[in-house]
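Okay, structure first, notes after.
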Amino acid sequence: MKHLLSMDDLSLGELQQLLSLADEMSEIQKRSQPKVPALRHKTVASLFFEDSTRTRLSFETAAKRLSADTMTFSAASSSVNKGESLRDTVETLSAMGVDAFVVRHKTAGLPLAMTQWTDAHIVNAGDGAHQHPTQALLDAFTLTRALEMGNSLAGVRIAMVGDIRHSRVARSTVRAFVLLGAQVTLVAPASLLPPSLIYSNATHTSHEWPVSISHHLDEVLGEVDVVYLLRMQHERMNAAFISSVGEYALHFGLTPKRMAKLPHNFKLMHPGPMNHGVEIGVDPALVPGSLITQQVTNGVSIRMAVLLSLLGPAATSEMTKEERNV
Amino acid sequence: MSSNKSVLITGGTVVNASGEVLADVMIDQGVVQEVGPNISAKYAAENKGGPQRIDAASCVITSAFVDLHTHLREPGREESETIETGSRAAVLGGYGAVVAMPNTEPAQDSVAVVEFVRMQGERAGLVDVVPSACITVNRAGLQLSPFHSLAQNGVTLYTDDGNGVQDPVIMRRAMEYAKELNITLMQHCEVSRLTEGAVMHEGCCSSHLGLPGWPSIAEVLMLQRDLELVRETGAKMHFLHLSTARSVELVRQAKNEGLPVTAEVTPHHFSLTDEKLTGFNTVFKVNPPLRTMEDVEALRTGMQDGTIDAIATDHAPHAAHLKDQDLLAAPPGMLGLQSALGVALKYSGCSVQRVIDLMSWAPARIAGLTARQGNAVASGNIANLVVFNPAAQWEQSLEQIVSKSHNTPYLGLPLQGQVQYVVRDGKVIVEAGVIAK
Ligand SMILES: [Zn+2]
Ligand SMILES: [Zn+2]
């Protein structure tokens, strides 16, 4: 694996390998000295053209625990807005000896474009509404470990609720869940589903979503094991995707009343940050099956696994821990 | 402008609207003097003081092409193209005339800017550069252009291309002027509220890639509105770059009803689909967007059955630094002049004669250029001709491109039909595929 750009590029085997490697990484994280020299003398640059302190810190923590040098480049302080082309910026930074770029950008496909401009490894940390593969990996890791199902989600019924249309999390995490054998139902008003799922004239074979669809959350609650809530953004009102956040919360939010309809051991997930009172009307701390905190913790382990498999000393599954320097 | 040196084109097939015939073509004083089989025997050899000879074996001889839709970028965006470099691309593509789109900086919304473009075209001296003008001042959609002044200065085509005219009041008034002045409005059909932030066709690909989609309905709605306005006002209307199957259907119906409408299609819309965007390559970002195979097939049918009148390139050069951005930021548009014939013959499913109609005869009529362009190769007509090999298979390479920009979508794709010679006012200005000194 040279880059991590999209979950579409990962086979089931590669996905499972990363999940297993993340187990080792979370072992390291539990040590009193949670740091190993595996990536010493490697430089990881985070290139965030869109603000996301959480994701950036998660990657940087992961890099530091593997002893990589880190540098941060954020768009606000950059020259990108002053006429220098993005390509110039990437070429300049890679001339400084960057081994891997962790990139977040508002435009889908930008990480792929960057692979043409540099020899460094590229990790997509979120590109527009396209992909956010490390989120998908950490979601898969969190859920498989919580359900104690090894590297599988065979038969697990998952409802993903919210703004699928604009969600890179949905595009990546659905793929990971489906690869692992889960049955996914997307729950949203039609306006918040990808157009190809609502317009019959947009039929096509090569970009299928192997999912079920529902426009009524109440109808699916009794038949799922996991509820994955997506963040609802207030701006969606402006282009008439929703009537109001209140109306959305009323029909698609997880309220105490809806929680009562779920199986008592259901699992709750959310990629964060949460909009309390919108998609989530209960205190997740009071939901026994909430995995939201584990998602954050596991984010570092997964990102360590990703950086290690891209940058580590020929980090293949056959290598021993000692050889990998962990 | 006529050259004193006479030219004799031998051994080719002359293709006119009336039919095709194996014939030689004798040109003198800028005018076709004689067309007939084996007339070359009458003339002395070139090295004995006879006419310049062009060997057109296995080639077609016909009227030079006319592009209804060329962005030459001058004035204002000379880093992407100039009237001179655009003229070079045009003549190598077999064109005798190009309509210069008015979205320049400043825009072609005044007599002064229009005259500047015309003058720069004459200075380059390779093709007839025919300036069009805006429908509204600075294409802002708010205030009508000075139609009377512009029409008095010979402008016959008006468009806010790049934008559709959104306001129905403005469009209705513009049509009233169009009717009284016998000018043609060219609409870029796009309801902008439906395409905010869009970078590609809204469909399966965009849904998968998470890219903001450009729904077909945005084109169809404006087209429908304008057809009703044409029905009401009787103004002549030309529809730029049809891209959807439904658009073809609507234009077909309108023509059956006898409305005075014409339509064009670009080479890229009948040869490429939205699948090209899966690599996120900004070269394939274009407005209107590349659509689905179903649309491509409807466009081809429309070209074949006459619903679509013209192939127009929408040649839209963008300098590398503009296209080397992310998909949201990169401007839409692709080159077209040098590849149009090769795409048309390879992908349209039309006969050679039909392609010539689409690229020369019909657009010359739509643009009102028949005094100089799009006429039969026949004695007495001005010699603005192209000679091309309709069977030649080729691939475009970066080195061939003479535009200032290189944003062609056709690198590595098979093309068919290669321009060999272009004659302008009786003078050979493209010789064996290169611009003559
Ligand atoms: Zn246009
Ligand atoms: Zn255009």
Check your understanding: Would you call B:Pro106 within 17 Å of B:Met237 (Cβ to Cβ) and either open to solvent by 20 Å² or more (accessible area, probe 1.4 Å) or out of contact with any His (no Cβ under 6 Å at 6 or more places or on another chain) (or both)?
Key -> no
Point to revise | Residue list for the stretch B:263-285, restricted to those being within 14 Å of chain A (Cβ to nearest Cβ), open to solvent by less than 30 Å² (accessible area, probe 1.4 Å) and in a helix (DSSP H, G or I) | key: B:Asp274, B:Leu277, B:Thr282, B:Val283, B:Phe284
Check your understanding: Scanning the stretch B:42-57 for residues that are small (Gly, Ala, Ser) and in contact with a strand residue (DSSP E or B) (Cβ under 9 Å, 6 or more places away or on another chain), which turns out nearest to ligand 2 (Cβ to nearest atom)?
Key -> B:Ala56
Revision key, fill the gap. Looking across the stretch B:210-228 at residues that are open to solvent by 20 Å² or more (accessible area, probe 1.4 Å) and assigned to a helix (DSSP H, G or I), the single one that is farthest from the other protein chains (Cβ to nearest Cβ) is B:Glu228
Point to revise | Total residues in the stretch A:112-132, condition facing chain B (nearest Cβ under 9 Å) and surrounded by 24 or more Cβ atoms within 10 Å (Cβ to Cβ) | key: 6
Practice item. Could you tell me whether the stretch A:21-34 includes any residue that is assigned to a loop (DSSP other than H, G, I, E, B) and either open to solvent by less than 70 Å² (accessible area, probe 1.4 Å) or closer than 16 Å to A:Leu310 by Cα (or both)? Key: yes
Review point. Can you find a residue in the stretch A:199-219 that is within 14 Å of chain B (Cβ to nearest Cβ), acidic (Asp, Glu) and buried (at least 22 other Cβ atoms within 10 Å of the Cβ)?
Key: no
Review point. What tally of residues in the stretch B:274-291 results from selecting those that are over 30 Å from B:Asn182 (Cα atoms) and in contact with an Asp or Glu (Cβ under 8 Å, 6 or more places away or on another chain)?
Key: 5
Review point. So B:Thr159 fits all but one of (1) open to solvent by less than 10 Å² (accessible area, probe 1.4 Å); (2) more than 30 Å from B:Ala436 (Cβ to Cβ); (3) away from ligand 2 (no atom under 16 Å from the Cβ); what number is the exception?
Key: (3)
Check your understanding: What strands (runs of 3 or more DSSP E), lying completely within the stretch B:1-79, carry at least 2 residues that are small (Gly, Ala, Ser)?
Key -> B:7-16, B:19-28
**Study point:** Candidate set from the stretch B:334-360 (those that are farther than 16 Å from B:Val265 by Cβ and open to solvent by less than 40 Å² (accessible area, probe 1.4 Å)); member that is farthest from ligand 2 (Cβ to nearest atom)
**Key:** B:Gln338
Point to revise | Criterion: buried (at least 18 other Cβ atoms within 10 Å of the Cβ) and within 28 Å of B:Arg372 (Cα to Cα) - qualifying residue of B:Val165, B:Val113 | key: B:Val113
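Do any helices (runs of 4 or more DSSP H) entirely within the stretch A:71-166 hold 3 or more residues that are modelled with pLDDT of 95 or more and of a type in the set (Val, Ile, Thr), and if so, which?
A:133-147
Say we look at the stretch B:58-72 and pick out the residues that are over 8 Å from the mean Cα position of the chain (by Cα) and within 16 Å of ligand 2 (Cβ to nearest atom); which of these is farthest from the other protein chains (Cβ to nearest Cβ)?
Ranking the qualifying residues of the stretch B:58-72, first place goes to B:Leu72.
The values are calculated or read from the model by the stated rules, or taken from the named source; none is laboratory data. Everything quoted here is computed from the prediction, not taken from an experiment. Please note: Cβ atoms are built from the backbone with ideal geometry, for glycine as well, and neighbour counts cover all protein chains shown. Keep in mind that these areas ignore ligands, DNA and RNA; they rest on the heavy atoms of the full protein, side chains included. Shrake-Rupley method; radii C 1.70, N 1.55, O 1.52, S 1.80 Å.
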